[in-house]
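Peer 1: Quick one: structure below, then a few questions.
Read the figures in this text as sums done on the coordinates, not as results from a lab. Keep in mind it's a predicted model, so treat the numbers as computed, not measured. Cβ coordinates were reconstructed from backbone atoms using ideal geometry, including for glycine residues, and neighbour counts include every protein chain displayed.
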Amino acid sequence: MLLFQGPRAAATRVVRRVAGLPSPLAGRTVLITGASSGIGRATALAVADKGARVLLVARRAAELEAVREEIEDAGGVAEVFPCDLTDGDAIDKLVKDVLAGHGAVDYLVNNAGRSIRRSLDLSYDRFHDIERTMAINYMGPVRLTMGLLPAMRAQKFGHVVNIVTWGIQIKAPKFAPYIASKAALDTFSRIAGREAFFDNVTFTNMRFSLVSTPMVAPTEAYSGHGETPEHAADRVVRALEDRPLTVNTRVADLVEVANVVAPRATDFAMALAHRVFKDSAAARGKKS
Ligand SMILES: NC(=O)c1ccc[n+]([C@@H]2O[C@H](COP(=O)([O-])OP(=O)(O)OC[C@H]3O[C@@H](n4cnc5c(N)ncnc54)[C@H](OP(=O)(O)O)[C@@H]3O)[C@@H](O)[C@H]2O)c1
């Protein structure tokens, strides 16, 4: 019963471990976007290691081929689907090709994304920051999900994991376009999960904190911080296996409570942090 997904998943995990049973991902088809780098690449390797057939999506074909080779060298199965997920026609073609080859995708990881850390006072003439983040973090994953959802619902099984951000709960300054685009996906998916409830199609929003990947490299303040992509990937695998509604951090949970019970005091604390932690050289348009 989906109603008891959380406790049942925990109990199943224990039984699986004790009995040495295979992962529920074994033999399943898992499509991962942004599989050429960072969290997506590490997740692709980890999911393949669980015995899943992995469909690798991103723009850079050569990087995807390298991931496919690594998976196949380890005895796994993977296919490469180069695609620009800001191009609606390209997404429609991806959906057509994937459904033609596999009938349905069992698991979808909407991971491809773009982060921008820049104050609004450096952004007044940069409306393209809003458009670009919405295109890759919201429109792309929603179009892909809408393309794959009918087949998931028809087969009465499917799970979608969205890689979003703890910023949705924190509402951190300097990230307005980025966090708003991820919050849109988070909300869309929560509602989609309600509509697809009786078809056994579920959604997880993974609200990650800092992960040490090429995406955060331009921000000097993050240098040397954050969990590894491999550690993040282990948590994505767990979310795929257990299908929780959300994966949060304790810190973001606390800030979310503060945002509700003491909104003005939290605004004050965030405004101070905004003043102390400056825009990076990259955000100011400088090399260093
Ligand atoms: N790193 C963090 O601290 C952190 C924290 C919270 C959430 N996240 C989220 O985690 C996800 C993965 O990010 P990451 O940190 O692993 O960064 P990353 O290493 O830069 O990976 C980003 C991935 O997105 C793909 N991508 C970007 N634009 C694309 C497009 N138009 N079409 C298709 N694929 C595209 C890239 O592939 P190509 O360039 O080959 O297309 C790449 O594989 C993102 O959604 C990010 O917002 C990251």
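Peer 1: Quick one: dipole size for the chain, taken about the Cα centre, charges +1 on Lys/Arg Cβ and -1 on Asp/Glu Cβ, in debye to the nearest 20.
Peer 2: For this selection, approximately 740 debye.
Peer 1: Contour minus end-to-end for Glu195 and Ile130, with contour as 0.36 nm per residue of separation and end-to-end as the Cα-Cα distance?
Peer 2: 20.5 nm
Peer 1: Once you have the Kirkwood Rh of the chain from its Cα pairs, apply Stokes-Einstein at 4 °C and 1.567 mPa s and quote D in µm²/s.
Peer 2: Stokes-Einstein gives a translational diffusion coefficient of 66 µm²/s.
Peer 1: For the stretch 2-276, what's the relative contact order in percent, using C-alpha pairs closer than 8 Å and at least 6 residues apart?
Peer 2: For the stretch 2-276, the relative contact order is 19 percent.
Peer 1: Moving on. Got a sec to turn the phi values of the stretch 136-144 into Karplus ³J(HN,Hα) couplings, 6.51 cos²θ - 1.76 cosθ + 1.60 with θ = phi - 60°, whole Hz, x for Gly and Pro?
Peer 2: 8, 8, 10, 4, x, x, 5, 5, 5
Peer 1: Also, I was wondering about something else. Would you kindly derive the ³J(HN,Hα) couplings of the stretch 184-191 from the backbone phi angles with the Karplus curve 6.51 cos²θ - 1.76 cosθ + 1.60 (θ = phi - 60°), listing them in order in whole Hz, with x for Gly and Pro?
Peer 2: The phi angles translate into 4, 5, 4, 5, 3, 6, 4, 6 Hz.
Peer 1: Once the piece of chain linking Thr187 and Ala273 is laid out straight, how much longer is it, given 0.36 nm per residue of separation minus the C-alpha distance between them?
Peer 2: 28.3 nm
Peer 1: Amide H of Val247 versus every other amide H placed in the peptide plane: which residues, excluding those fewer than 5 positions away on the same chain, fall under 5 Å?
Peer 2: Those lying under 5 Å, H to H, from Val247 are Asn205, Met206, Arg207.
Peer 1: In nm, give the distance between the simple-model label positions of Ala100 and Glu72, each being 7 Å from the Cα along the Cα-to-Cβ direction.
Peer 2: Roughly 2.1 nm, to one decimal.
Peer 1: Same structure again: Which trypsin sites (Lys or Arg not before Pro) from the stretch 248-288 combine a DSSP loop assignment with at most 13 other Cβ atoms within 10 Å?
Peer 2: Listed in order of number, the matching sites are Lys278, Arg284, Lys286, Lys287.
Peer 1: Relative contact order for the stretch 1-131: what is it in percent, counting Cα pairs under 8 Å that are at least 6 residues apart?
Peer 2: It comes to 23 percent, rounded to a whole number.
Peer 1: In percent, how large is the relative contact order of the stretch 167-288, given Cα pairs closer than 8 Å and 6 or more residues apart?
Peer 2: That works out to 30 percent.
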